[in-house]
Amino acid sequence: MAKNDFAAESPDNYEQKCLCVLALDVSGSMAGKPIDELNQGLEDFYDEIQEDATTANRLEISIITFHSDVKNELEPALVDNFTMPILTTKGSTKLVDGVREAIAKVEARKQWYKETGQPYYRPWIIAITDGEPDSDQDVEGLTQEIRTAIEGKKFVFLAIGVQGANMDTLKQISHSDMPPQLLQGLKFGAFFKWLSASMSTVTSSKPGEQVNLPTPDWTQGFTT
Amino acid sequence: MKLGFAILFIVLLGNGPYLYAAQQDEKQQIVGEAIDNINIQIAKYFINTRLRPKDFPYYIQTFEQLNEFLNRYYYAGHPLIILVNQINNAKNDYLNTQGMSLDKFFENRISVHLTQKKIIGNYNLSPHWACLANTFESCHQCWYFDWGWQWDMKCWQDWWKKTQWQQFQEAIEKIMTEANAKMAVIEANEKSHFASFDQLVTIFCVIVLMILVSIFLILIIFAIKKHKHRFLIKMNRGKTILSQKPNHSQPDNAKSVANNNTVTEKSSPSPLYDREKFPPTQPIIETKTISSDMTPWIIKKWFVIGGSVIGKSHIESQLPCQDNHYHEEIGNNWGIAVVADGAGSAEYSHFGSQFIVQKTARAFHELVIKNDWHQQNQLPSNKDWHLSAKNVLTEVREMLESYANVQQRETKSLACTVIAVIYSPIGLLITHIGDGRAAYCNWQNEWKSIMIPWKGEEANATVFMTSDIWHQNIDHFVESRVITEKPIAFTLISDGCEKSSFECSQVDPITKKWSDPNKPYPKFFKPLVTTLKNLKQEGTPYNEIQAKWHSFLTAGNQTLKDESDDKTMILGVLI
């Protein structure tokens with residue numbers, strides 16, 4: 001270091017939080033390779049975030065799994081405060097209930113943020129599924145809820161379809177600004193890497209109609 | 001014979017001004033001496049309390065200049081020699097017991113002092129321990145200092161500086177009193193001298209005049225008696241000459257009329273001395289005390305550096321750097337600094353922010369010139385400033401819209417925030433729309449913030465120049481302030497820099513409540529100010545300083561390195 005270089009000490013500032021809720025399909029159809037890849041993807045995601053100090057202090061993760069039932073696998077927490085659960089499969093696909101649970105989780109967390117008076121980044125809900133939701137699922141209702149919420153800037157919603165997923169349903173529930181994406185093969189790893197990069201981008205972009213995300217390399221070219 | 005008398009008369013009259021001139025010279029000399037003595041005191045005070053070259057007057061930039069200044073004023077009177085003798089008389093044995101000859105010791109020190117170019121750092125004229133004094137108090141004659149361990153103790157420093165300042169003030173008082181006394185003596189002499197001389201001259205003139213008149217009369221009577229008839233002819237001729245005279249005098253009358261019509265101060269006959277030739281004495285004699293910042297001798301000037309660096313996340317999403325900044329001098333040590341942060345979600349906000357910084361700076365520059373605030377060294381009232389600021393920002397907003405139309409883009413795609421600071425040695429004027437931070441440091445070395453960023457409930461939510469704020473409650477969105485406290489440094493930053501340089505996000509460990517103290521972090525800014533001063537005073541070229549600043553903003557510490565948003569920081573210091 002040359003003499004007379006600028007150097008200074010920075011204060012300890014509390015990182016404002018960004019919540020990311022993962023609503024994951026663990027129905028019977030995910031058994032075998034898909035669930036293994038998903039588990040691996042989650043581990044990689046965990047490691048990615050831990051590596052970046054800023055994101056590690058900023059990103060709160062929550063995991064909800066749905067099959068014939070909905071389960072809160074993980075309450076919102078910073079990476080330092082949990083270890084990734086390992087998911088197992090069974091049952092059918094209660095997609096709508098799963099996503100509704102995620103929405104409720106987002107609202108609850110926002111309440112907590114408001115109680116402490118801290119500003120927060122707009123939360124993300126990511127739904128990953130490989131199949132058709134059960135026939136008794138209220139897809140219409142969910143569509144309305146998501147549309148209203150996104151227009152009200154309550155959260156960001158992204159649906160990911162794994163091989164064999166019904167993209168039409170996902171397209172229906174998603175908002176036109178953020179259409180569903182089809183995962184390339186089982187590239188959960190690439191998806192989660194992109195997600196962690198997006199998390200840091202989210203924190204620097206100002207709220208507007210479009211979020212400038214890094215270019216995804218895990219999609220299978222299904223875009224509208 | 002008449003001529004002779006006339007010449008004598010004129011000569012006597014003419015001497016008056018010359019005598020006066022001599023007195024003026026004497027006065028000038030006293031003034032000059034007083035100035036020199038005061039400069040000696042300044043040099044002495046500086047050397048005795050300053051440890052670093054940056055504390056020297058601004059007009060001393062190089063070691064050569066410093067040497068010149070010291071050689072001229074510090075060594076006048078050879079205080080070293082006096083001191084050496086004093087110490088020699090009192091402490092010779094002590095040094096002998098240390099196995100060192102006193103003369104040799106001082107010889108080395110003095111020669112080192114005078115010949116080495118790097119004079120700063122070798123002030124150790126003689127070590128304090130040589131006085132065998134346990135405390136500064138018991139060693140009154142030691143008006144020099146040393147670099148040793150004693151200096152580390154702040155209480156010594158403070159005591160030292162205080163006594164030095166006292167001594168300095170007393171010395172200046174003494175010099176002034178003496179100079180004034182001398183001036184008084186001269187003036188008194190002047191008056192009495194001149195008065196008596198005046199009287200003499202007047203009496204002499206009157207006598208001479210009377211003699212001349214009487215001689216003339218006698219001659220005339222005599223001539224008339226002798227040549228009566230011839231004189232009558234002469235008289236007639238005189239009459240014709242007399243009749244021509246009015247023509248000659250008319251221009252004179254016209255001139256005097258013209259003089260009366262023009263605005264001149266002279267209605268009485270012109271004074272004996274010429275104001276141009278003998279200018280009034282220097283102000284130094286009139287003032288009795290010197291203000292503590294010693295402005296007549298130390299004129300500090302603003303030195304401003306700025307930088308905008310792209311954020312990590314912008315690189316990843318292939319966005320350009322959307323921050324921009326600009327600063328320029330207005331004149332008389334006033335200037336304008338602007339920072340604009342383009343909205344991440346707006347596609348062409350980098351163009352918007354660049355346009356905004358240029359136009360805003362220009363508009364505020366013109367505002368200052370129009371109101372002449374810089375030459376008058378006058379700050380507007382809070383109300384006037386807010387009004388002017390709003391007008392300027394409205395104008396700039398309209399310019400942005402026209403620019404957007406020309407570029408065939410949506411105005412909202414050029415969205416950005418803006419912070420504008422007009423800086424001067426007497427205060428600051430600030431106005432802003434959106435977020436970012438700004439602060440200044442006062443002469444007591446306290447850093448204070450001067451704006452509150454506009455933030456929404458969501459982190460990073462804010463308003464922009466292009467937001468729909470202009471028709472509603474615009475006063476809610478444009479914040480303006482007039483800072484009347486004198487600044488020695490100031491800063492403007494975009495929000496990308498706020499986590500590294502401000503305390504802006506704190507959670508109370510007990511109540512778990514979050515707050516934004518909006519406090520500039522002194523441990524961040526103070527070393528930067530010091531480094532900037534050093535770089536400038538060492539004569540580092542501007543682009544080199546600029547490059548260092550740029551790399552600092554990019555990765556100067558871990559927090560800056562980890563920041564994903566674009567970072568802009570302008571820092572100005574009075575050097």
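Quick notes on this structure:
- Extension gain (nm, one decimal) between residue B:394 and residue B:170, 0.36 nm per residue minus Cα-Cα: 75.1 nm
- Gyration tensor verdict on the range B:319-446 (Cα atoms; rounded if a/c is under 1.5, prolate if a/b is larger than b/c, oblate otherwise): prolate
- Going by neighbour counts of Cβ atoms within 10 Å, the residues B:466, B:491 line up, fewest first, as B:466, B:491.
- Taken residue by residue and averaged, Cβ atoms of other chains lying within 10 Å of the Cβ of B:498-505 number 5.
- Each 5 Å bin from zero holds the following percent of Cα-Cα pairs in the range A:89-180: 3, 13, 24, 24, 16, 10, 6, 3, 1.
- Listed residues A:45, A:82, A:191, most fluctuating in chain A (Gaussian network, C-alpha, under 10 Å): A:82
- Amide hydrogen neighbours beyond the local backbone of residue A:59, cut-off 5 Å, H modeled: A:18
- Reduced Cα scattering model of the range A:35-119, Debye log10 I(q)/I(0), q = 0.13, 0.15, 0.17 Å⁻¹: -0.50, -0.65, -0.82
- Cα shape, the range B:302-574, gyration tensor, a/c 1.5 rule: rounded
- Considering only chain A, percent of DSSP beta bridges that pair antiparallel, nearest 5: 25
- Ranked by how many other beta carbons lie within 10 Å on average, peptides B:333-343, B:448-458 from highest: B:333-343, B:448-458
- ³J(HN,Hα) computed for each position of the range A:4-13 - Karplus, 6.51 cos²θ - 1.76 cosθ + 1.60, integer Hz, glycine/proline x: 6, 8, 6, 8, 7, 9, 9, x, 8, 9
- Sorted by Cβ density within 10 Å, fewest first, the residues A:5, B:323, A:130: A:5, A:130, B:323
- The region of chain A that goes longest without hitting one of the trypsin sites (Lys or Arg not before Pro) in a DSSP loop, each with at most 12 other Cβ atoms within 10 Å, is A:91-224.
- Counting only alpha carbon atoms, the long axis of helix A:188-202 and the longest principal axis of chain A meet at about 50°.
- Fewest-first ranking of B:429, B:217, using other Cβ atoms within 10 Å as the exposure measure: B:217, B:429
- Number of partner chain Cβ atoms within 10 Å, mean per residue of B:371-378: 0
- Shielding value for A:16-24 is 1, the average number of Cβ atoms from other chains within 10 Å of each residue's Cβ.
- The range B:402-457 and the range B:488-536: distance between their alpha carbon centers, rounded to Å: 16
- Cα shape, chain A, gyration tensor, a/c 1.5 rule: prolate
Quick note: the coordinates plus some simple rules give every number you see, no bench work behind them. Given the structure is predicted, the values throughout are model-derived calculations rather than measurements. Positions of Cβ are generated from backbone atoms using ideal geometry, with glycine treated the same way; all protein chains shown enter the neighbour counts.
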